[in-house]
Amino acid sequence: MGENFKYVIIDRDETSRNIIKSYLVEAGEAEPEAEFYDVDSANDFVLNMPQGIVFADISDFPEKSLNLITEIKEKRKDIVVVALSNRASTDIIIKAMRAGAKEFVTKPVIKTEFFEVVNSLKEDLQNTDTKESCRIISTFSNKGGIGKTSIAVNLAVELAQLTKDKVALIDLNLQLGDVATFLDMTPPFAMDYIANNIQNLGEEELLKTMSRYKNTSLYVIADPLNIDKSQDITAEQIKNILTTLKKTFSYIVIDIGTNIDSKTITALDMSDLILLIAIVNLPAIRSMQRCMELFEKLGYSKEKIKLVLNRYIENEDIKATDIEEVVKQKVYWKIPNNYLTMMSAINKGVPVNEINPESNIAQNYMEFASKLSDYLITQKLNKNYNERESFV
Ligand SMILES: Nc1ncnc2c1ncn2[C@@H]1O[C@H](COP(=O)(O)OP(=O)(O)OP(=O)(O)O)[C@@H](O)[C@H]1O
Ligand SMILES: [Mg+2]
């Protein structure tokens, strides 16, 4: 059963190594290929081992262990790491997952949990076609001019900066989108070309076809240059594009726009999170309410929808709590009103952190990206840590 997967254990504690070994045997898996006492002695072996799973205790010398996990993630797509630790604080879980661990297991390792984790990782390794960890985040509102594009663009830039993972930013405003303008890019290929050729593009060609933002890990797909071309793009093609991108990217951020049609519904359906954007005024709140009704009809869970208030000013007539009462959901994030920095960023075609990284809005976007990626990381864990609650 397990002959194609090799196992390595890195753990100072012999009892703990023996427990894992006995579980592997009981599960009918191969005996560990090697056992190591510490990261230093494991380093070379692990980076050169065949396809498999590494159990790495990160309780001692976490810095070193996390560096090895990151190196494995960067160099070896066919090796996954299960981080083990005596402590299961949210802080350590997030650090491990961010470094690139696929799973986190608290010690002493419980048998049922161990089997569950190994089986799910083996499935992932066999099914290299889908990158299970890719998450799709969309910005949406049925109101114009509310900040959907600003949020999609700045968030995507920050996610790439923070995680160093590949992030795709897609403009689904197929007629006159703004994403490329917001980043001062003139992509040689846009959505129409990619839609028509997606089936034939391998990972490398796809990355060449998309436009890389400066030398970051952010890649952009802009709206078609020619408006006529946008009508030819189908919902099926959007689905194909997203499915293909999921194999390569860790995050996909979509500026959905205001339109509700089969294409945008496809993107909303496929999204893991929908950031529903509003500003604090009555018409915007009503429209937020309508969007919530629409999402309910589409069968989306409340967890999938996150309310985001843009251009937020404290002490206005309408409070965030008033909105929560009307919409019957907590506000997930508030972005401060900072017209000067925002306008300057848009006019120069750069994210707000390039205008002034100290500004309240640049800081806010950094924190927003961090909160979202932490949330998505903890959501990815298929276990119910109590700490998880604190991220919702
Ligand atoms: N936090 C903010 N503070 C102040 N102004 C903002 C903020 N966010 C966005 N804006 C301003 O709001 C305007 C609209 O922003 P943006 O284009 O992102 O909205 P949109 O919802 O994508 O619009 P459209 O529906 O036209 O696509 C811009 O002029 C931008 O400068
Ligand atoms: Mg827009």
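At least 1 residues being away from ligand 1 (no atom under 16 Å from the Cβ) is the threshold, and among the helices (runs of 4 or more DSSP H) wholly inside the stretch 142-201 those reaching it are 148-163, 191-197. Go through the stretch 1-35 and report how many residues are of a type in the set (Gly, Ala, Ser) and either part of a helix (DSSP H, G or I) or farther than 12 Å from residue 118 by Cβ (or both). Residues that pass the stated criteria total 3.
Note on the stretch 192-232: residues that are within 20 Å of residue 270 (Cβ to Cβ) and in contact with an Asp or Glu (Cβ under 6 Å, 6 or more places away or on another chain) amount to 2.
When you scan the stretch 159-204, how many residues do you find that are in contact with a Ser or Thr (Cβ under 8 Å, 6 or more places away or on another chain), acidic (Asp, Glu) and within 13 Å of residue 350 (Cα to Cα)? Counting residues in the stretch 159-204 that are in contact with a Ser or Thr (Cβ under 8 Å, 6 or more places away or on another chain), acidic (Asp, Glu) and within 13 Å of residue 350 (Cα to Cα) gives 1.
Quick grid of which residues meet (1) of a type in the set (Ser, Thr, Tyr); (2) under 30 Å from residue 195 (Cα atoms); (3) at pLDDT 95 or above:
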| position | (1), (2), (3) |
| --- | --- |
| 261 | no, yes, no |
| 297 | no, yes, no |
| 305 | no, yes, yes |
| 310 | no, no, yes |
| 318 | no, no, no |
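Taking the stretch 197-242, which residues are in contact (Cβ under 8 Å) with a residue 24 or more places away in the chain and β-branched (Val, Ile, Thr)? 198, 216, 220, 221, 227, 233, 234, 238, 241, listed by residue number. So for the stretch 215-225 (the condition being away from ligand 1 (no atom under 16 Å from the Cβ), part of a strand (DSSP E or B), modelled with pLDDT of 95 or more and open to solvent by 60 Å² or more (accessible area, probe 1.4 Å)), does at least one residue qualify? Looking through the stretch 215-225, none of the residues is away from ligand 1 (no atom under 16 Å from the Cβ), part of a strand (DSSP E or B), modelled with pLDDT of 95 or more and open to solvent by 60 Å² or more (accessible area, probe 1.4 Å). Do we have residue 255 as open to solvent by 30 Å² or more (accessible area, probe 1.4 Å) and either more than 16 Å from ligand 2 (Cβ to nearest atom) or not polar (S, T, N, Q) (or both) here? Considered against the rule, which asks whether it is open to solvent by 30 Å² or more (accessible area, probe 1.4 Å) and either more than 16 Å from ligand 2 (Cβ to nearest atom) or not polar (S, T, N, Q) (or both), residue 255 comes out as no. Among strands (runs of 3 or more DSSP E) entirely within the stretch 256-364, having at least 2 residues that are within 10 Å of ligand 1 (Cβ to nearest atom) singles out 305-312, 331-336. Just wondering, is there one or more residues in the stretch 94-111 that are assigned to a loop (DSSP other than H, G, I, E, B), more than 20 Å from the chain's Cα centre (by Cα), assigned by TED's automatic domain parsing to the domain that holds residue 32 and among the polar types (S, T, N, Q)? Scanning the stretch 94-111 turns up no residue that is assigned to a loop (DSSP other than H, G, I, E, B), more than 20 Å from the chain's Cα centre (by Cα), assigned by TED's automatic domain parsing to the domain that holds residue 32 and among the polar types (S, T, N, Q).
For (1) buried (at least 22 other Cβ atoms within 10 Å of the Cβ); (2) at pLDDT 95 or above; (3) among the β-branched types (Val, Ile, Thr); (4) touching a strand residue (DSSP E or B) at 6+ places or on another chain (Cβ under 8 Å), each residue gets a yes or a no:
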{"site": "14", "(1), (2), (3), (4)": "no, no, no, no"}
{"site": "26", "(1), (2), (3), (4)": "no, no, no, no"}
{"site": "34", "(1), (2), (3), (4)": "no, no, no, yes"}
{"site": "40", "(1), (2), (3), (4)": "no, no, no, no"}
{"site": "43", "(1), (2), (3), (4)": "no, no, no, no"}
{"site": "48", "(1), (2), (3), (4)": "no, no, no, no"}
{"site": "51", "(1), (2), (3), (4)": "no, no, no, yes"}
{"site": "70", "(1), (2), (3), (4)": "no, no, yes, no"}
{"site": "77", "(1), (2), (3), (4)": "no, no, no, no"}
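Could you tell me whether residue 214 is basic (Lys, Arg) and over 20 Å from residue 150 (Cβ atoms)? Considered against the rule, which asks whether it is basic (Lys, Arg) and over 20 Å from residue 150 (Cβ atoms), residue 214 comes out as no.
The values are calculated or read from the model by the stated rules, or taken from the named source; none is laboratory data. Predicted model only: the values in this text are computed from it and were never measured. Glycine gets a Cβ as well: all are built from the backbone with ideal geometry, and neighbour counts include every protein chain shown. Keep in mind that these areas ignore ligands, DNA and RNA; they rest on the heavy atoms of the full protein, side chains included. Shrake-Rupley method; radii C 1.70, N 1.55, O 1.52, S 1.80 Å.
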